[in-house]
Amino acid sequence: MTESDAADGAQRPAWAISIQVGEALWRGRLRVGLSLDDVAGQIGADRETVDALERSDFARLPSRDTSIALARAYAQLVGLSKKWVTAALDKELLRHNE
């Protein structure tokens, strides 16, 4: 995360220093007691896409924009920072596509 990201309010949660977005979403889901199907229904995705987000399985994710939009909705649902999830997932997708 760059200083400009931090200045824009995209600071990662203290507990998320070394985990990927997928793990943060998974932990958030468990914390609030939702199933994969619950999340899928509430964010407008299928169960397989939610599973792919949690596993950081980039090959199974839809387009970059759709993946980020779904991750933002998922973050809001489980109480994570949408700015952090957006910045971190974008960085992970860029690394994956290099």
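Readers should treat all values here as calculations from the given coordinates under stated rules, not as data from a laboratory. Just so you know, these numbers come straight off a predicted model, no measurement behind them. Counting neighbours? That spans all protein chains shown, and the Cβs are built from the backbone with ideal geometry, glycine included.
Placing a label point 7 Å from the Cα of GLN42 along the Cα-to-Cβ line, the residues of the stretch 58-75 whose backbone N sits under 13 Å from it are 73-75. Counting charges near SER35 (Lys, Arg +1; Asp, Glu -1) among other residues having Cβ under 15 Å from its Cβ returns a value of -2.
What is the sum of charges around ARG60, taking Lys and Arg as +1, Asp and Glu as -1, for the other residues whose C-beta is under 9 Å from the C-beta of ARG60?
Details: positive: ARG55; negative: GLU48, ASP51, ASP57.
It works out to a net charge of -2.
Ranked by the mean number of other Cβ atoms within 10 Å per residue, highest first, peptides 37-48, 55-66 order as 37-48, 55-66.
Please pull out the direction-averaged projected area of the stretch 51-95, using the convex hull of its alpha-carbon atoms, in nm² to one decimal place. Kindly include the intermediate steps, with their values, before the conclusion.
Details: hull surface 11.3 nm².
For the stretch 51-95, averaging the hull's shadow over all directions gives 2.8 nm².
Here the extension length gained between ILE19 and SER63 equals 13.6 nm, from 0.36 nm per residue of separation less the Cα-Cα distance.
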